[in-house]
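Laboratory data are not the source of any read-out in this text; all were calculated from the coordinates shown. The structure presented is a predicted model; accordingly, all values stated were derived computationally and were not measured. Cβ atoms come from the backbone with ideal geometry, glycine included; neighbour counts cover every protein chain shown.
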Amino acid sequence: MRLGINLGYWGLGMDADNIAVAQEADRLGYSVCWAAEAYGSDAATVLAYVAAKTERIDVGSAIFQIPARTPAMTAMTAATLDTLSGGRFRLGLGVSGPQVSEGWYGVKFDKPLARTREYVEIIRKAMSRERLVHDGANWTLPLPGGPGKPLKLTVHPVREHIPLYIAAIGPKNLEQTGEIADGWLGIFFAPEHAALSIDPLIAGRAKAGLTLDGFDLCPTVTISVGDDVKAAADSQRSYAALYIGGMGSKDKNFYNQLTRRMGFEQAADEIQERYLAKDYEGAAAAVPHELIDSTSLLGTKERIADRMHAYADAGVTTLTLAPAGFTLDERITALRTGVEALEHAGLA
C-alpha cells in the first residue's frame, strides 16, 4: 500500500506550510500529492507550483471540477502539467455538487453520470492526439455549420497514458468509475463499510471486462497523532459536519447520503438539520465519535498502524493522508508518523 498526501484547498492561511508539507512528503517517499478546488483556489495553478518545488512525487488534481472547464481545456491542462512535471501528473475529476455547479459556474447540475462519461471520452480522444471529433448530448466538436475544424492537441505529454481518477460516492457513480477510470478518489471511507464503495467499483470493472488489478483505490483520510484519541477525533468534528450537513442542497448531499448508508441515519438527520439552521457547534457535536474514528487515522503510531492494516485488507492501494494540525510542526509530525506506521505495519 502506497501513501499519498492531500493538501486540500489553497489560500486558507497555510500556503507556505503547504509547500513545506509537499516537499517533506517528497523527501519521505510519498507517492502522490493531491490538491483540491471548490470556489477559491484552482487546483491546476497549485499543482504547477508544487511540481516546480518537488522532484519525485506525483501531483494530482483531487479534483478538477467538470463544470469548471470544457473537456478539451482539461485535456490541455493535463498534458501541460504532465510535461512541466516531467511525467508526474495524475488527472482527478468530479462533478462537484449542485450548489457550486449552478451557483458558481452557472452549469445546470443534471445527468451527472452521462456528463462525466462524455467528458472522459472527449479527454481520452484529445489526449490520444487524434483529431477531435465528437457528437454527444453535451458537446459537439467541431460545432456544425461554422468555421471550426477538427484539431488535435499540439502538446505531447511525457507519458502516453495519464492516469485518470474519478471522485465518486453514490453507487451508480462508483460503478461507472470502475468502468471508465484508472482509479477512484474516495472520502469518508471506513474499512468496516468497504463494500459500499468497492462492490460497485468491481461491478463497473466487470462491465469493462476488467478486475481491480491495476485499478488504484485511493481514499483520503485525516491523520491526527497523539495519545488522546477522543481529542484527536473532536478536532475533526467541524470538518465532518461541514460535509455531512452543509455540502450540497438538503436533497442532494452525497456525503449525508453516504453517512446514512453507513448506518448513521439519525445522526445524519441531526447534523444536517443543525448545520442548515446555522447551529454549527451543534452540528459538530452531533457527529458520532465512531464515524470519525472509523474514517480517520487517530492516535499513536501503533494504533494508526493497526488501522492501516484494515485499509490494506479492504483493498486500498494508495492511502492518501490529510495531516491534521494548525502548525507546520504538527502536520510534518503526522506525515512522518504515517511513514513510520506503514513500516511498523509491514505494509511499506
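Could you give the angle, 0 to 90 degrees to the nearest 10, between helix 301-313's Cα long axis and the longest principal axis of the Cα atoms of the chain? Rounded to the nearest ten degrees, it is 40. Shown here is the pair-distance distribution of the stretch 232-295: with all Cα-Cα distances grouped in 5 Å bins from zero up to the longest one, the shares run 4, 23, 35, 27, 10, 1, 0 percent. Within the shell of other residues whose beta carbon sits under 14 angstrom from the beta carbon of residue 306, the net charge comes to -3, with Lys and Arg scored +1 and Asp and Glu -1.
In the chain, the DSSP-assigned H stretches of four residues or longer account for a calculated mean residue ellipticity at 222 nm of -13500 deg cm²/dmol, using -39500 (n - 2.57) per stretch and the full residue count as denominator.
Ordering 232, 332, 140 by the projection of their Cα atoms onto the charge dipole of the chain, which places +1 on the Cβ of Lys and Arg and -1 on the Cβ of Asp and Glu, puts 140 at the extreme positive end. At 7 Å along the Cα-to-beta-carbon direction for both residue 172 and residue 143, put a label point, then send me their distance in nm to one decimal. It works out to 3.1 nm between the two label points.
For every other residue with a beta carbon closer than 13 angstrom to the beta carbon of residue 178, add +1 if it is Lys or Arg and -1 if Asp or Glu, then tell me the sum. Result for the local shell: -2. Computed over the alpha carbons of the stretch 135-286, Rg followed by Dmax gives 20.3, 67 Å.
Legend: Rg and Dmax of the chain, from Cα coordinates, 19.9, 67 Å.
Taken as Cα centroids, the stretch 237-315 and the stretch 140-165 sit 40 Å apart, rounded to the nearest whole angstrom.
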